[in-house]
Amino acid sequence: MVPKTILFYLPVYVVQVYGLAWDTFLLPLGWDTYGGKFKYLTFINMIIQTVYFGLCVANDFSGTNVRPSDKRQRSRLQRWRDNFLATVVFPLGMFVVLSFWGIYAVDRELVYPKELDKIIPAWLNHIMHTTILPFLLVDKFLVYHQYPSRKSGIITLLSLALIYLVWILWVAYYANIWVYPILKVLSPHQKAVFIMVMLVFFIFLYLVGEFLNKTLWGKEKNIAKKEKSS
């Protein structure tokens, strides 16, 4: 029997696919420079969020949504979904939304120049930079996610963040393109401080995701512990 959560995951997946397809095939902006759109964290995040919600749909059809108090084993799909959400999807999605609108509030020209309003539809901008936050929060509320150890989760997250950092620094060095205007206007030591702050922010968002999971599902975890000790 397909769980009721499909009523949330399927429409969200359709929205993500539509937004990603529009951005990829109908919005030529970004493909004509070195690295294409794959140098933009927003585009990478759209791909990751689309894959994640697709995985959620697949899990609803052929996986499990096992809670700690349930004696059944988690399916492989649920294990993939939980690890993917914990180490990549939640912190990255939150980072994109909060960092974008935070910088936008200070000076939008540093992250989303006004001329882009004529090129990128407002609804697409919100799919890229806004709606993923409520989607991920609802996801946290609807289903339990088993988190890996904190050390393992943070190492995975920071490894991916450093890979992306090396990538955009290479693009700046090789093609003389600063992916984000804010990095272009900062001095070298300011860039270093900014990057360190962003890495710390990533860790903070991972801990926020872990905290929300424990807050929403902590009672279930206590039940599981009692069953194991009995």
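What to note about this one:
- Within segment 108-118, the set of residues being surrounded by 12 or more Cβ atoms within 10 Å (Cβ to Cβ) and either closer than 20 Å to VAL15 by Cα or among the acidic types (Asp, Glu) (or both) comprises GLU109, ASP117.
- Scanning segment 69-85 for residues that are surrounded by fewer than 18 Cβ atoms within 10 Å (Cβ to Cβ) and not in a helix (DSSP H, G or I) gives SER69, ASP70, LYS71, ARG72, GLN73, SER75.
- Residue within segment 54-63 that is in a helix (DSSP H, G or I), under 23 Å from TYR206 (Cβ atoms) and modelled with pLDDT under 95 present: no
- Members of segment 181-206 found to be surrounded by 15 or more Cβ atoms within 10 Å (Cβ to Cβ) and hydroxyl-bearing (Ser, Thr, Tyr), listed by number: TYR206
- Within segment 146-159, residues that are free of Cβ contacts under 8 Å to residues at least 60 places away in the same chain sit with their Cβ atoms under 7 Å from residues that are part of a helix (DSSP H, G or I), at 6+ positions apart or across chains, in these pairs: ILE154/ILE203; ILE154/TYR206; LEU158/LEU199; LEU158/PHE202.
- Of VAL171, VAL179, all but one fail to be at pLDDT below 95 and touching a Lys or Arg at 6+ places or on another chain (Cβ under 8 Å); the exception is VAL179.
- Restricting segment 86-116 to residues that are part of a helix (DSSP H, G or I) and hydroxyl-bearing (Ser, Thr, Tyr), the residue that is farthest from MET46 (Cα to Cα): TYR104
- The set of residues from segment 1-49 being surrounded by 13 or more Cβ atoms within 10 Å (Cβ to Cβ), without any contact (Cβ under 8 Å) to a residue 40 or more places away in the chain and of a type in the set (D, E, K, R) comprises just one member, LYS37.
The values are calculated or read from the model by the stated rules, or taken from the named source; none is laboratory data. Predicted, not measured: the structure shown is a model, and the values here were computed from it. Positions of Cβ are generated from backbone atoms using ideal geometry, with glycine treated the same way; all protein chains shown enter the neighbour counts.
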